[in-house]
Structures are given as C-alpha cells and as structure tokens.
Amino acid sequence: MQRPIGMFDSGFGGLTVARAVIDLLPDEDVVYIGDTGRYPYGPRPQAEVRDFARQLAHSLVEHHEAKAVVVACNTASAAAIDVLRAELPVLVIDVVDPGARALVQASRSGRVGVIGTVGTINSGAYDRAVHAAHPDVHLASTACPGFVEFVERGQTSGEEISILAERLLAPVRDADVDALLLGCTHYPYLADVIGEVMGPSVTLVSSAEATARAVRDELAAAGLLRNDAAAGSNDVKHTFLSSGDISWFADLGRRLLGPELAVADAWHPPAILAG
C-alpha cells in the first residue's frame, strides 16, 4: 500500500512522532502538516481546536490520499479524536492512549504524572486513559503554559526556561511521582530541562515511540503496511507542509527532525467543515 501516512500537529511538536514513525517504518511515505499559522492550540477553546483538527485531517485524506491519520498533537487528540474516527474512512491514531499505556508501564510505585497544555489537561483525556490502562494508578497532572512557545521559538535551554520549569513542575514533583509523561509532543525537546527539575529518580516518558508502534501495529492488522521494502529507501517520499512561515518551518523543523525535512511547502486551511 503506497499511500502515505498522514500526520498533523499545531506546529513542530509532532515532529517527535514523525521521527519515531520514520525510524520504525523506513519504507513508508509520510505527509506532515504543522499548523504553525495558528499555534498554539493549548489555550484555544476545544470547539475551535476540533474545527482545526477536522480541516487538517480531512485535507490529509482528501488531498494527499493518506491511508491513516496520526493526530500527533495531544490537544487535538483530546478535542477531536472521536469526531475524526467517526468522520474519516481511514485509520485515525492518537497519541493519548499509547502514551498513557507507556506511562503506566514505566512506573514502579504506581504514582505517575502528566504534564501538558491547558487544553489537554483540562479535557481530562489523560485521566481517563491512564485509569483505563490501570485503575489503581495515582495520577497527578498539571498544565505547563509557555513550554510550547519556547519550543516554537527554537529555545530549548537557558535560565528563562529553567525558572519557568521549576515553577510549573512543582505540583508533579511534590506528588512524588516516579514516572512523568510529556503529554505534549513539543515537550521532548525540553527533556533536559524537565529532567533536571524532576531529578534522576523520575523516568520521563514520551509518547512518540509508543505512538509509532501503535501506527505499525494498526497498519499491519489492516493489511496497509507498504510491503515493497526491496525497492529501497530511494522510493520513499516525505512531504512537510506548514500554514505559517515556510522558511522558518523548514529551518527549525530540519534542526528538530533531521535531514528528511529538506524543504517545506504551504498548506492553506480550507473553509470550516459543516457538522
């Protein structure tokens, strides 16, 4: 099946998932849309995020013939995953459930934490997903407004972000968790700062690898994996699109993802879909 895997995020964070998918499934084409013209999603109302997610997902299916859509954004997953699965004729894979399962598996004490955007935390999506994975786990969660903006500016270290992290992470640190889920796909880029604040006894969990494995498993179960690996990687095509400044997206995105993001093209949001 040579149709691509479609992915979207509010900006650069989903590139952590794209990197994991490209590494795990090197023979698959990927189309990635970063909605940098409208980031951040975290502070926006859920209804607005849902509309954005529908535009992005439908565009991937209708304009790029994606065989699956990966919602590589925790805020969009929390706001729109059920709607997208009801509307789209393809597999729709989120980052919340794989991340929650990985978090539970990483804990020794049963005391775990999740950090995310205001929209993700307020949605309760991780509360439901973690307790579905293990009902006896104690979960502490807190929003980290400002983290996404630092990543989108390409600033992932320094005194300013360290001071902010000390303040924002205090609730999960005080909860004595032994595993912390980076519940926003932007946050792995801040792993060094977050790890320094939380301390060496806390395992940081990123949902990117778990999501990539979910993509592989669901595509395999549906018989949709590309099976012409003998053709070699020269036939693989990765496409990156942005609703914002293209040169900025390509430059920062290449530094975050790697050489696969050689160029980027423009993506223009269609009219809000009815329904």
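The values are calculated or read from the model by the stated rules, or taken from the named source; none is laboratory data. Here the structure is a predicted model, which is why all the values come from computation and not from measurement. Positions of Cβ are generated from backbone atoms using ideal geometry, with glycine treated the same way; all protein chains shown enter the neighbour counts.
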- Task: Answer yes if at least one residue in segment 69-80 is β-branched (Val, Ile, Thr), more than 22 Å from Ser242 (Cβ to Cβ) and out of contact with any Pro (no Cβ under 6 Å at 6 or more places or on another chain), and no otherwise.
- Result: no
- Just need a number here: residues in segment 207-218 that are buried (at least 21 other Cβ atoms within 10 Å of the Cβ) and either over 16 Å from Met7 (Cβ atoms) or polar (S, T, N, Q) (or both). 2
- Item | Some residue of segment 24-39 being modelled with pLDDT of 95 or more, under 18 Å from Leu182 (Cα atoms) and not small (Gly, Ala, Ser) | no
- Task: Could you tell me whether any residue of segment 61-72 is part of a helix (DSSP H, G or I), at negative phi and in contact (Cβ under 8 Å) with a residue 60 or more places away in the chain?
- Result: yes
- Message: Checking the condition farther than 22 Å from Val61 by Cβ and in contact (Cβ under 8 Å) with a residue 12 or more places away in the chain, which residue from Asp245, Asp251 passes?
- Response: Asp245
- Note on the structure: A careful count of residues in segment 7-48 that are β-branched (Val, Ile, Thr) and farther than 16 Å from Val92 by Cα gives 3
- Task: Scan segment 1-47 for residues that are in contact with a Lys or Arg (Cβ under 9 Å, 6 or more places away or on another chain) and charged (D, E, K, R) and report the count.
- Result: 6
- Go through segment 73-117 and count every residue that is part of a strand (DSSP E or B) and farther than 17 Å from Ser141 by Cβ. 3
- Message: Looking only at residues that are small (Gly, Ala, Ser) and surrounded by fewer than 19 Cβ atoms within 10 Å (Cβ to Cβ) in segment 1-54, which one is farthest from Val83 (Cα to Cα)?
- Response: Gly37
- Please find, among Leu88, Leu56, the residue that is at pLDDT 95 or above and in contact with a His (Cβ under 9 Å, 6 or more places away or on another chain). Leu88
